[in-house]
Amino acid sequence: MARSTSQLYLDGVSVSFDGFKAINDLSLTIDPGEMRAIIGPNGAGKTTMMDIITGKTRPDTGEVFFNGVIDLTGEDEASIAELGIGRKFQKPTVFESHTVWDNLELSLKAPRGPFATLFHVITSAEKKRIEELLELIRLNEKRDELAANLSHGQKQWLEIGMLLAQDPKLLLVDEPAAGMTDAETAETAELLKEIAKDHSVVVVEHDMDFVRSLGVKVTVLHEGSVLAEGSLDHVSADERVVEVYLGR
Amino acid sequence: MMTSFLFRAMDARAGIFLALLAAVILLVPAGNLLVPEDSPFHVPTYAVALMGKYLTYALLALSVDLVWGFCGILSLGHAAFFALGGYAMGMYLMRQIGSRGVYGDPILPDFMVFLNWDALPWFWYGFDMFWFAALMVVLVPGALAFVFGWFAFRSRVTGVYLSIITQALTYALLLAFFRNDMGFGGNNGLTDFKDILGFDIQADTTRAALFAASGIALGLCYIICRAITRSKLGKVLVAVRDAESRTRFLGYRVEHYKLFVWTISAMMAGIAGALYVPQVGIINPGEFAPANSIEVVIWVAVGGRGTLVGAVLGAVLVNFAKTWFTAVLPDIWLFALGGLFVVVTLFLPKGIVGTVSQGWTALKQRKVSASAESGSGTPPTAPPQSPAAPANIAGPGKGKPLSSEPQPAE
């Protein structure tokens with residue numbers, strides 16, 4: 001596999017918690033501009049993989065490289081976010097006592113130091129960008145609402161908006177359609193496809209219809225390593241995949 | 001840059017608070033110095049000193065509110081910074097006594113002569129100069145807070161664990177300052193002060209000036225706190241309070257933010273202590289007692305966490321009650337204080353100011369929607385929180401921001 005041309009490169013990554021191997025010799029490559037869906041049964045290590053990429057968990061062994069050259073295992077969450085990896089959590093996590101607008105303003109790409117933010121005055125370019133994002137995530141009407149008062153689906157969208165505000169190169173999206181209605185799910189799929197035009201995206205999802213509507217390459221995780229990879233039809237035809245996951 | 005930074009601090013609420021404070025700063029000393037003693041408007045000197053003490057407590061509460069209300073760091077050791085600032089001021093006041101002490105030594109304070117010390121310890125050098133002592137009042141608590149915070153926040157110690165080690169910090173200092181060979185007067189602390197900047201510390205005019213200085217310090221620190229909490233940095237602090245790890249994944253280095261606000265807060269506590277000592281005339285290790293720090297937290301909780309004004313109000317009200325109770329019913333004060341904390345936690349979780357401003361917003365909202373329903377007036381589009389008004393969780397928005405209220409540290 002070509003590390004130098006990849007956006008994200010994991011090779012032989014393992015991590016265990018109290019003897020339980022959450023990730024076992026996982027290797028995965030995401031190309032620049034690629035959208036990838038990751039599926040797998042509960043406990044397959046999907047969230048742990050995201051934790052490793054974003055610096056929350058350190059792998060016991062293995063290599064994790066971003067942009068082919070940056071070793072992520074030596075960085076912490078804040079510097080990985082600064083490098084251009086954004087993450088959306090499974091449970092929507094927005095700042096509930098801030099307004100929708102403030103949530104986006106905090107996420108906007110800008111100097112992150114305490115003194116930079118202390119004297120920060122919002123620029124017209126930043127305002128314009130927030131307006132654009134509000135339009136995109138359809139929360140224009142709710143801009144002054146506290147994030148706590150949003151519905152579940154709106155929180156999910158706000159978090160996607162916050163992710164975009166960071167202007168990352170790679171987006172890690174954990175179960176974006178969880179708890180959404182069918183209509184919202186379809187809209188979310190459209191939004192992600194839109195985003196994937198100029199970003200690399202990794203989507204973890206349970207919902208097969210959702211994954212199908214994305215129409216991208218799929219990686220199946222099982223017991224912490226890659227079980228199969230290819231189009232959804234291809235992996236669905238794989239007997240082992242059917243056995244562990246689809247053959248419910 | 002600086003002007004926009006300070007300009008941000010001002011709005012109607014801040015204006016009202018500062019105007020009230022200015023009135024107090026002017027009227028209380030005037031009532032003491034200018035009004036004849038037989039007038040009903042005369043303010044007795046003991047009352048000036050007492051209210052001056054309240055103002056320094058209010059500043060201490062303000063500093064606790066800055067870290068607890070906005071950043072979720074529940075400090076149970078802020079009295080340590082207060083006492084350190086107080087000791088720095090006390091050392092200056094001791095050096096001012098000169099040869100007027102009981103033993104008449106021109107250099108050594110009485111307790112050192114009593115302990116048969118023949119020279120001033122190195123850490124007492126420079127405290128004969130006011131500017132040096134004033135610098136130490138902010139630098140010593142600031143440095144301690146910086147070092148403590150550096151290790152604690154970098155190791156990601158949060159919540160109850162952090163609260164417990166702040167208690168340990170103040171308790172350790174309590175034990176250390178009790179020791180005679182520390183060189184700070186041991187059990188008795190520093191007292192018998194004669195004058196400050198050449199003025200007799202007992203004089204009415206000096207007391208009035210100290211009162212005014214406490215009020216001005218409170219006002220300035222309030223403006224600084226307000227400017228901090230309404231800046232983008234303030235929004236990050238609230239974000240840290242509500243969802244610390246989310247803030248990290250946005251690229252903010254949470255430990256730097258905590259360290260910044262923690263150190264600023266400790267410096268303010270130090271200033272409060274420095275103004276407290278000349279007004280009460282003594283500083284001893286008792287000020288480090290863990291119970292003192294806990295009491296400060298109660299003041300803030302009563303007044304309203306994360307509102308700044310509430311901290312000031314809470315400190316003044318609770319201490320006024322304490323003064324009254326300890327005179328009339330001295331035995332039940334601690335029960336009353338404990339009961340107050342329980343009642344506030346159960347029935348006023350937002351404190352006095354938080355509850356009032358929530359009620360006010362709800363009332364306004366109801367009026368707007370009522371007039372919209374009846375067809376007159378404008379539709380309820382005006383939001384209580386506009387994007388231009390930066391993060392201030394004081395005005396809890398419309399609706400039911402159930403989970404948006406300040407959460408306990410853990």
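Summing Cβ point charges (Lys, Arg +1; Asp, Glu -1) relative to the Cα centre of the stretch B:1-143 gives a dipole of roughly 360 debye. Dividing the convex hull volume of the alpha-carbon atoms in the stretch B:121-161 by its residue count gives 88 Å³ per residue. Between B:V67, B:V368, B:V147, the GNM of chain B built on Cα springs shorter than 10 angstrom shows B:V368 fluctuating the most. Considering only B:M10, B:T170, B:I283, the residue lying farthest towards the positive end of the dipole of chain B is B:M10, judged by Cα position with unit charges set on Cβ. Which of B:P330, B:P278, B:P109 moves most in a GNM of chain B, Cα contacts under 10 Å? For chain B, modelled as a Gaussian network with Cα springs under 10 Å, the answer is B:P330. Using only the C-alpha atoms, the convex hull of the stretch A:169-248 corresponds to 100 Å³ per residue.
Less than 5 angstrom separates the built amide H of B:I196 from those of B:I201, all sequence-distant by 5 or more or on a different chain. With N the number of residues in chain B, Rg(Cα) / (2.2 N^0.38 Å) evaluates to 1.05. Within straight-line reach of B:K194, meaning a Cα separation under 22 Å, sit the following lysines at least 8 residues removed in sequence or on another chain: B:K53. For the stretch A:54-129, what percent of Cα pairs sit more than 14 Å apart? Value for the stretch A:54-129: 71 percent of Cα pairs lie more than 14 Å apart. Only alpha carbons enter this Debye calculation for the stretch B:1-75, each as an equal point scatterer, and the log10 of I(q)/I(0) it gives at q = 0.15, 0.19 Å⁻¹ is -0.74, -0.94. The stretch A:191-230 and the stretch B:170-210 have Cα centres separated by 68 Å.
Remark: mean inter-chain Cβ contacts per residue of A:147-160 equal 2, using a 10 Å Cβ-Cβ cutoff to other protein chain atoms. Note on chain A: Rg/Rh from Cα positions, Kirkwood definition for Rh, rounded to two decimals, is 0.97. Pair-distance distribution of the protein assembly as shown: all C-alpha pairs, bin width 20 Å, starting at 0; shares per bin in whole percent are 17, 42, 28, 11, 1, 0. Here A:K217 is the anchor, and the lysines within straight C-alpha reach of less than 22 Å, apart from those fewer than 8 places off in the same chain, are A:K46, A:K88, A:K169, A:K193, A:K197.
Taking a sphere under 14 Å around the Cβ of A:N67 and counting the other residues whose Cβ falls inside, with K and R at +1 and D and E at -1, yields a net charge of -4. Of the residues B:Q167, B:Q96, B:Q202, the one that moves most in a GNM of chain B with alpha-carbon contacts below 10 Å is B:Q202.
Computed from the coordinates by the stated procedures, all read-outs in this text should not be read as laboratory data. From a predicted model like this one, the values you see are computed outputs, not experimental measurements. Don't worry about glycine lacking a Cβ; one is built from the backbone with ideal geometry, like all the others, and counts go over all protein chains shown.
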